[in-house]
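Before any comments, here is the structure.
The values are calculated or read from the model by the stated rules, or taken from the named source; none is laboratory data. For clarity, every value in this text was computed on a predicted model and none was experimentally measured. Ideal geometry is used to build each Cβ from the backbone, glycine not excepted, and the neighbour counts take in all protein chains shown. For the accessible areas, the whole protein counts, side chains as well, though only heavy atoms, and no ligand, DNA or RNA atoms are used. Shrake-Rupley method; radii C 1.70, N 1.55, O 1.52, S 1.80 Å.
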Amino acid sequence: MNRSESDRAAWLQGPLARCRVLPITTTEPWRVVLLGPPGVGKGTQAAFLTQHLGACHLSTGDVFRAARSQRDKAPSPAMAAALDYMSKGHLVPDEIVWEMVCERVGCLRCNGGFVLDGFPRTLAQADSLRKLMEKEQLKLNAVVNYVLPPAEIVARLSGRRTCQKCKAIFHVTSQPPRTAGVCDHCGGLLYQREDDHPESIAVRLDAYEKSTAPLIQFYRHRGLLVTIVATGSPQEIFQRTTTALQARRESGKQAETMFPISH
């Protein structure tokens, strides 16, 4: 079925909500975790993969954004705590993020499978997810790790410009607006976000590397890691990813797969 028909209500709104469309599948569902530093294009690949695999996109970032916009519904205790941390500009602690995921355990059981994006971010979260999936008798098929040289990530992110009004995103070289500094959609002014300045990007990448290196080793040790070089167009990266996943399923090998750059 086309997963775009699903509103992901159970994931975005919490355990009391129900998705509008539930998948019915006769094939083995895919359960995949995505890893990758800021600016690697992970969100774009998640959207492609959910359509291709018939899975549901479970993004923790989407949950937080949805919670911020839901003024008419009282958040769960875990979400209320997360929003409080975010409102103060603090990172949400592991245990709060974990409680939020546990509230949505039904989404992990979904017959259509899932593409988990934004979680786990630390070794502690990865081990908690492992234990939960073992308890639920669920199997993780692969952990896709998108990699890109830091210089390319800096170039991608430092060239981004965001509309002050509608929040549309442009890029000074790869996706420039028709009129410099002006949004094509609403005419709002474009600006460079503080965390898209090169010095801020370097700090973010360093923090990501420190927190994720043990996580990557955790999944490599378990034979789940599939490393994808995220150069080229989004379509080329997607093709590289699906080829890797299909080869993994067909061969049944429990080893890291490294795919070279396509030209």
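Worth pointing out:
- Within the straight-line cut-off of under 28 Å between alpha carbons, the lysines reachable from residue 88 are 42, 73, 165, 167, 210, sequence neighbours fewer than 8 places apart in one chain being disregarded.
- Report note on the peptides 222-235, 47-60, 198-211: ranked by the mean count of other C-beta atoms within 10 Å, highest first, their order is 47-60, 222-235, 198-211.
- Based on the reciprocal of the average 1/r between different C-alpha atoms, the Kirkwood radius for region 25-71 equals 12.3 Å.
- Computed from backbone phi with θ = phi - 60° and the Karplus coefficients 6.51, -1.76 and 1.60, the 3J(HN,Hα) list for region 218-225 is 4, 7, 5, 4, 8, x, 9, 7 Hz; x is used for glycine and proline.
- Shown here are the Rg and Dmax of the Cα trace of region 143-206, at 13.1, 41 Å.
- On a per residue basis, the chain carries 53 Å² of accessible surface, using protein heavy atoms and a 1.4 Å probe.
- Percent accessible area from carbon and sulfur atoms, the chain, protein chains only, probe 1.4 Å: 55
- Shape category assigned to region 1-155 from the gyration tensor of Cα positions, a/c cut at 1.5: rounded
- Two-decimal Rg to Rh for the chain - Kirkwood Rh, Cα set: 0.95
- Theoretical ellipticity at 222 nm over the chain - DSSP helices of four or more residues, -39500 (n - 2.57) apiece, nearest 500: -13500 deg cm²/dmol
- Choice from 45, 70, 125 showing the highest fluctuation, given a GNM over the chain with Cα pairs closer than 10 Å: 70
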